[in-house]
Amino acid sequence: MNKNLPKVSVVTITYGHEKYIKETLDGVMMQQHSGPVEFIIANDNSPDATDEVVKKYFLENPAPSNFEIKYTKHSQ
């Protein structure tokens, strides 16, 4: 990782995107950047299985070492 490059922050807000969130995660994770990447995913208390899809995704697809994943699910 090249620490002289700027940090790139990507923010994804999701609500009820169980069917589509995997494609969003794939799209961000396939990006090429040698510097640090902060990927923030905020689930706005989705009533569907979005939370489970996101958690399963990162268990099955570990992030590159230059990625910092921050996931939160709001309670209301």
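Helix-only mean residue ellipticity at 222 nm, the chain, DSSP H runs n ≥ 4 weighted -39,500 (n - 2.57), per residue, nearest 500. What is it? Intermediate values should be presented prior to the final figure.
On the way: 2 runs with 20 residues, N = 76.
It comes out at -7500 deg cm²/dmol, rounded to the nearest 500.
Averaging over all projection directions, find the projected area of the Cα convex hull of the chain and quote it in nm² with one decimal place.
One quarter of the hull surface, i.e. the mean projection, equals 4.8 nm².
What accessible area per residue comes out for the chain, rounded to a whole number of Å², with a 1.4 Å probe?
Here the residues of the chain average 67 Å² of exposed surface.
For Lys56 and Met30 in one chain, what is 0.36 nm times their gap in residues minus the Cα-Cα distance, to one decimal in nm?
7.6 nm
On the protein heavy atoms, probe 1.4 angstrom, tell me the percent of accessible surface of region 1-40 carried by carbon and sulfur.
53
Just Glu38, Glu23, Glu60 to compare: in a GNM of the chain, with alpha carbon springs under 10 Å, which one fluctuates most?
Maximum among the listed residues: Glu60.
Put a dot 7 Å past each Cα toward the Cβ at Glu38 and Ser75; how far apart are the dots in nm?
Between Ser75 and Glu38, the simple spin-label model gives 2.5 nm.
What's the tally of Lys pairs in the chain whose alpha-carbon atoms lie under 26 angstrom apart, where the two lysines are 8 or more places apart or on different chains?
Taking the chain as the scope, the lysine pair count is 18.
The values are calculated or read from the model by the stated rules, or taken from the named source; none is laboratory data. Everything numeric in this text was worked out from a predicted model, so none of it was measured. Counting neighbours? That spans all protein chains shown, and the Cβs are built from the backbone with ideal geometry, glycine included. Protein only, heavy atoms only, side chains kept; ligands, DNA and RNA dropped before computing areas. Shrake-Rupley method; radii C 1.70, N 1.55, O 1.52, S 1.80 Å.
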